[in-house]
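Chemist: Quick one: the structure is below, questions incoming.
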Amino acid sequence: MTQVIRTSAELREKVATWKRSGMLVGVVPTMGALHDGHLSLVREARKQSDRVIVTIFVNPMQFNNKDDLEKYPRDEDHDLALLEAEGVDVLFAPGVHEVYPDGFATVVAVSGVSEPLEGAFRPGHFEGVATVVMKLFGMTQAGRAFFGEKDWQQVQVVKRMVEDLNVPIRIIPCPTIREEDGLAMSSRNVRLSPEHRALAPRLHAEMQAAAAAIRAGAPVTTTLEAAKAAIGAAGFGAWDYLDLRSAEGLRPITELSEPARILAAVHLGDVRLIDNIAV
Ligand code: AMP
């Protein structure tokens, strides 16, 4: 049975009993509307921890767009059934007031790695992420936290924060889970129209083609411009970015002298798709 907990006080008691018997606690932070990408993190958490907490909290602080927050899919009953089937011990699903009570006044801001890409196009997003993740780490007292590489920059921001603030938790990045046609799974995909859903995998396909070309020695800038043009011509909306970056620091690079990734964000209808792959 998965126990649903809504207050940090109750969660703290639960975790304290586990820790007294020497158990390693793993946490998987999510915003719900769970899919196989989330469940892959849960399975990894089960493998690497004695007890698993999944958190579901649609964090208003990390949404820079009110419409996106309102339209964010929510289905806790279905999520709970999925978590039961995975043998999750606790679903921690606090209300907004539990996380941000009156008088709440602290922001965790990670500079550097949070600034380009998502940080540039979603002002305040990573402050919201870092703040809520820090709080979830405090509330769950977990020893390991599992994050998806789907949100590559988020993983880098969280790792930086944990190192800088001496948070006693190990961050475990997990690979991106994709639909059979290559589209990275995302809770927002359900909002794609049928035509846009059919088009969406082109993003990953063009990114892969660009990565292969760059690996084979093609010039970076023209290759990325060509990929952008192809995706635009296919019927996608506006680009936020399609960049080659160093994998760790996310510095812009024009040569493959270190581990690198292509990261992209593009609009399709009123959904914003993000993806990233190793080059
Ligand atoms: P979200 O609910 O979108 O905030 O995501 C919660 C966690 O699941 C984050 O660590 C995401 O990176 C991860 N995640 C989301 N989609 C995927 C995916 N397709 N593959 C792997 N992890 C994912």
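Each reported figure results from applying straightforward, stated rules to the coordinates on display, with no laboratory input. Only a predicted model underlies this, so the values are computations on that prediction, with no experimental measurement involved. A quick note on method: Cβ atoms are made from the backbone with ideal geometry, for glycine too, and the neighbour counts reach across all protein chains shown.
Chemist: If I go through region 172-190 residue by residue, how many of them are within 7 Å of the ligand (Cβ to nearest atom) and not in a strand (DSSP E or B)?
Modeler: 6
Chemist: Here's another thing I want to ask about it. Return the pairs, sorted by first residue and then second, in which the second residue is surrounded by fewer than 19 Cβ atoms within 10 Å (Cβ to Cβ) and assigned to a helix (DSSP H, G or I), the first residue lies in region 72-101 and is small (Gly, Ala, Ser), the beta carbons are less than 9 Å apart, and the residues are 6+ apart or on different chains.
Modeler: Gly87/Arg46; Ala93/Glu76
Chemist: What is the one condition in (1) within 20 Å of Ala33 (Cβ to Cβ); (2) touching a strand residue (DSSP E or B) at 6+ places or on another chain (Cβ under 6 Å) that Ile172 does not satisfy?
Modeler: (1)
Chemist: Give me the residue from region 43-59 that is closer than 30 Å to Pro101 by Cβ and within 13 Å of the ligand (Cβ to nearest atom) and, out of that set, surrounded by the fewest Cβ atoms within 10 Å (Cβ to Cβ).
Modeler: Val58
Chemist: Taking only pairs six or more apart or across chains, which ones have beta-carbon atoms under 6 Å, a first residue in region 134-145 that is more than 22 Å from Ala109 (Cβ to Cβ), and a second residue that is among the basic types (Lys, Arg)?
Modeler: Note: pairs meeting the criteria are Arg144/Arg170.
Chemist: What about Ser40, is it closer than 16 Å to Ser187 by Cβ and either more than 16 Å from the ligand (Cβ to nearest atom) or surrounded by 17 or more Cβ atoms within 10 Å (Cβ to Cβ) (or both)?
Modeler: yes
Chemist: Looking only at region 210-228, how many residues end up being in contact (Cβ under 8 Å) with a residue 12 or more places away in the chain and surrounded by 14 or more Cβ atoms within 10 Å (Cβ to Cβ)?
Modeler: So the answer is 9.
Chemist: Residues in region 29-49: is at least one assigned to a helix (DSSP H, G or I), over 24 Å from Arg178 (Cβ atoms) and in contact (Cβ under 8 Å) with a residue 60 or more places away in the chain?
Modeler: no
Chemist: Related question: Consider only pairs whose beta carbons are under 6 Å apart and that are at least six residues apart or on different chains; among these, list those whose first residue lies in region 149-160 and is without any contact (Cβ under 8 Å) to a residue 60 or more places away in the chain and whose second residue is near the ligand (Cβ under 8 Å from one of its atoms).
Modeler: Close Cβ pairs satisfying both conditions: Val155/Phe147.
Chemist: Of all residues in region 151-166, which are among the β-branched types (Val, Ile, Thr) and surrounded by fewer than 23 Cβ atoms within 10 Å (Cβ to Cβ)?
Modeler: Val155, Val162
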